Amino acid sequence: MQQISLEAAGCTTDLMAAFSELADPRTRACPYPLDELLLVALCAITSGAEHWVEVVHWAHHRMDWLKQFLPFKHGIASHDTFTRVFSLLDARAFEACFMRWMKGLIPALDQQVIAIDGKSVRRSGRAGAGMVHLVSAWHSAAGVVLGQVRTGDRSNEITAIPQLLDALDLKGATITLDAMGCQRAIAHKIVDRGADYVLAVKDNQPTLSQALQDWFEGLESGRLVDQSLQTHIDTDTSHGREQTRRCLVSADVDWLQEVGQHWPGLKTVVMVHTTRASSGGGSKPESLRRYYISTLPAQAAVFNKVIRGHWGIENELHWVLDVAFREDDCRIRTGDGAQNFAILRRIALNQLKQERASKVGIHARRLKAGWSIDYLQTLLGLKPKKQG
């Protein structure tokens, strides 16, 4: 998938200004303004801090540098203050600011692939409430998070996905979803918003899943004939394994209506047969068939790329958050604290992803931000206040 550089596209937005409309949740005057807390939190998390105690320790070491941007007349707040304020801060309002900022960076999603998937913050659960579960929208080409929505304590991704779709300008985009999102109501919303979909099909849609399995088995055995059938094979070798993806795409979808499967705008059904084997041939090959429905036209090579690209949200977002940011180890649990800290992580990740001069991973870039204030200042696009 071709990468998009936000800077090359001429997209710049003042990061701190994007969050200036956030309301301070404290009801009385406080010597530590919200903008100072936000600046410290974002800079420290980008630089490697993983909880509020580390945030405060980092800030004390960077006090003179921080005063270039805001007054900090009363110094740095305690970690208890950070904990309290971010637990009270309205996470929905914070998320709305985040999405508006990203919309300023990427104003149009036409012809882009947007992957949507959920992730739990494993240690965020507390007595009487489950762990925080977030559904994110991932821009595959730019490699950034466009937004996220928290699922309700007693609901799942099916209710959160429509909220996330409503918050994005989807016209002309292609939305990819795993089997949890394979719901007619979600498909209708995507089509109504002027976008296309590629939906994975599994046993949560048993009739559809079985129908697709039977259909493609019939095509492969020769029992069924489909003049529209296209095939594309993609092979790569990495980490000592060879992986082959054989994508079959059919534009014959009328038969699905005969089994009661009416999906809005449906144009194609897809099967991807993946085989994995050790490059040295030392282990038994693994084989997996996956099935999809889509509103896209029948182009097997395109589907192979789009479907493979969906896993970027796992490999480039969820895995990076767990490994480079240790998100699953975070024990912030009070109020909206876990969700707000997660938003700060994603802001930091977006900025770190866009810095491509350093040929190192995200963890190393965080270390570099902690070592070099010039690098951190460039990453976040911070500009010192004019003196006087």
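The values are calculated or read from the model by the stated rules, or taken from the named source; none is laboratory data. Just so it is clear, the model here is predicted, and its values are computed rather than measured. Don't worry about glycine lacking a Cβ; one is built from the backbone with ideal geometry, like all the others, and counts go over all protein chains shown. These area figures cover heavy atoms from the full protein model, side chains too; ligands, DNA and RNA do not enter into them. Shrake-Rupley method; radii C 1.70, N 1.55, O 1.52, S 1.80 Å.
Residue count for region 202-217 satisfying the condition of being free of Cβ contacts under 8 Å to residues at least 60 places away in the same chain and more than 29 Å from the chain's Cα centre (by Cα): 6.
Looking across region 298-334, the residues that are open to solvent by 10 Å² or more (accessible area, probe 1.4 Å), polar (S, T, N, Q) and in contact (Cβ under 8 Å) with a residue 12 or more places away in the chain come down to Gln299, Thr334.
Which condition number in (1) part of a helix (DSSP H, G or I); (2) in contact with a Gly (Cβ under 8 Å, 6 or more places away or on another chain); (3) over 18 Å from His139 (Cβ atoms) is the one that Arg333 fails? Result: Arg333 fails condition (1) only. Scanning region 335-349 turns up no residue that is of a type in the set (Lys, Arg) and open to solvent by 70 Å² or more (accessible area, probe 1.4 Å). For region 167-179, does any single residue satisfy the condition of being modelled with pLDDT under 95, closer than 16 Å to Tyr291 by Cβ and either assigned to a strand (DSSP E or B) or not aromatic (Phe, Trp, Tyr) (or both)? Yes - at least one qualifying residue is present in region 167-179.
Does region 354-368 contain at least one residue that is open to solvent by less than 10 Å² (accessible area, probe 1.4 Å) and either without any contact (Cβ under 8 Å) to a residue 12 or more places away in the chain or among the aliphatic types (A, V, I, L, M) (or both)? Checked region 354-368: no residue is open to solvent by less than 10 Å² (accessible area, probe 1.4 Å) and either without any contact (Cβ under 8 Å) to a residue 12 or more places away in the chain or among the aliphatic types (A, V, I, L, M) (or both). For the criterion of being crowded, with 17+ Cβ neighbours inside 10 Å, more than 28 Å from the chain's Cα centre (by Cα) and either outside any loop (DSSP other than H, G, I, E, B) or not charged (D, E, K, R) (or both), Ala59 passes.
Apart from one condition, Arg123 fits all of (1) modelled with pLDDT of 90 or more; (2) surrounded by fewer than 22 Cβ atoms within 10 Å (Cβ to Cβ); (3) not aromatic (Phe, Trp, Tyr); the exception is (1).
Of the listed requirements (1) within 26 Å of the chain's Cα centre (by Cα); (2) surrounded by 13 or more Cβ atoms within 10 Å (Cβ to Cβ); (3) over 20 Å from Ile158 (Cβ atoms), Lys267 misses just one: (1). Among the residues of region 271-290, not a single one is open to solvent by 40 Å² or more (accessible area, probe 1.4 Å), at pLDDT 95 or above and either among the hydrophobic types (A, V, I, L, M, F, W, C) or not in a strand (DSSP E or B) (or both). When residues in region 355-388 are screened for being more than 22 Å from the chain's Cα centre (by Cα), part of a helix (DSSP H, G or I) and not small (Gly, Ala, Ser), 9 of them pass.
Those residues that are modelled with pLDDT under 90 and either more than 25 Å from Val113 (Cα to Cα) or touching a strand residue (DSSP E or B) at 6+ places or on another chain (Cβ under 8 Å) (or both), I need them from region 340-358; list them, please. Outline the logic, then answer.
We begin by selecting, within region 340-358, every residue modelled with pLDDT under 90; these are 354-358.
Once the filter is applied, which keeps residues that are modelled with pLDDT under 90 and either more than 25 Å from Val113 (Cα to Cα) or touching a strand residue (DSSP E or B) at 6+ places or on another chain (Cβ under 8 Å) (or both), region 340-358 yields Gln354, Ser358.
For beta carbons closer than 8 Å, sequence separation of 6+ or different chains, a first residue in region 256-269 that is basic (Lys, Arg) and a second that is open to solvent by 10 Å² or more (accessible area, probe 1.4 Å) and in a loop (DSSP other than H, G, I, E, B), the qualifying pairs are Lys267/Ala251; Lys267/Val253; Lys267/Leu296; Lys267/Pro297; Lys267/Ala298. The requirement of being of a type in the set (S, T, N, Q), touching a Phe, Trp or Tyr at 6+ places or on another chain (Cβ under 9 Å) and closer than 26 Å to Thr235 by Cα is fulfilled somewhere in region 256-268, by at least one residue. Against the conditions (1) more than 21 Å from Trp255 (Cβ to Cβ); (2) open to solvent by 70 Å² or more (accessible area, probe 1.4 Å); (3) touching a residue at least 12 places away in the same chain (Cβ under 8 Å), Ala179 satisfies every one except (2). Looking across region 228-253, the residues that are open to solvent by less than 50 Å² (accessible area, probe 1.4 Å) and assigned to a strand (DSSP E or B) come down to Asp234, Asp236, Gln243, Thr244, Arg245, Cys247, Leu248, Val249, Ser250.
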